[in-house]
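Report on one structure; see the data block that follows.
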């Protein structure tokens, strides 16, 4: 009997040790699982954050009217002729657009050297880069010196660069985008051309813009973050609105003159009767 009790006691202690061992194993397994879940969550977080950064870099900034105004500054600067196909646009204008796009974007960093007579040295590789940015990869002009009435751009074939005079520009336009219409692989912009001169200031010290000289429709090809110029044309709706206003104004003047004539005639007739 005593031996049986000892045996039962030994079995009980053995079962107790097994339970403690099993509990320890379960606790260890649960700890490992928790750390594994934390590790997986951390990896997923890093992947999502990296992917978000990549998408933001790929997509680019928000495409507001201000975004397109910045893009179009060198495009409208010297009032290009209209065209329905960019392949038919003037080559000189394309080169000039690329030159000013490069100057505007890179002058801020002061990366361009100057000649002894103070002209800025613009490498052809940068002109090529901005030609591609604005007009695609099909533009391959035969570079040469040219003048547009504002500037003389001297091409140095040996050094493969343009010399740009550092002269103040006043006869130019700035774009003001009043409407953005997104289509399939295109964006249609309504753009007012604001003269670079005659800017003022009101009584409160706020800058006042001059009246737009014209309103144009500019179509860009591409998708978010990457565009090229497709066409520039007169804005038909704006032209109709302007014509209507002129006709209304003319009609009002005619009616006023007619009224004044009738009043004068009535007065004269009344005088004769008397």
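Quick look at the numbers
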| item | result |
| --- | --- |
| Neighbour-count ranking [beta-carbon atoms within 10 angstrom, fewest first] of 126, 85, 104, 213 | 85, 213, 104, 126 |
| Cα pair distances of the range 122-168 binned at 5 Å [whole percent] | 5, 19, 26, 25, 20, 4, 0 |
| Fewest-first sequence of 99, 32 by Cβ atoms within 10 Å of each Cβ | 32, 99 |
| Rg/Rg_globular for the range 81-164, with Rg_globular taken as 2.2 N^0.38 Å and Rg from C-alpha atoms | 1.08 |
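Since every read-out is calculated from the coordinates, none of them should be taken as a lab result. Everything quoted here is computed from the prediction, not taken from an experiment. Cβ coordinates were reconstructed from backbone atoms using ideal geometry, including for glycine residues, and neighbour counts include every protein chain displayed.
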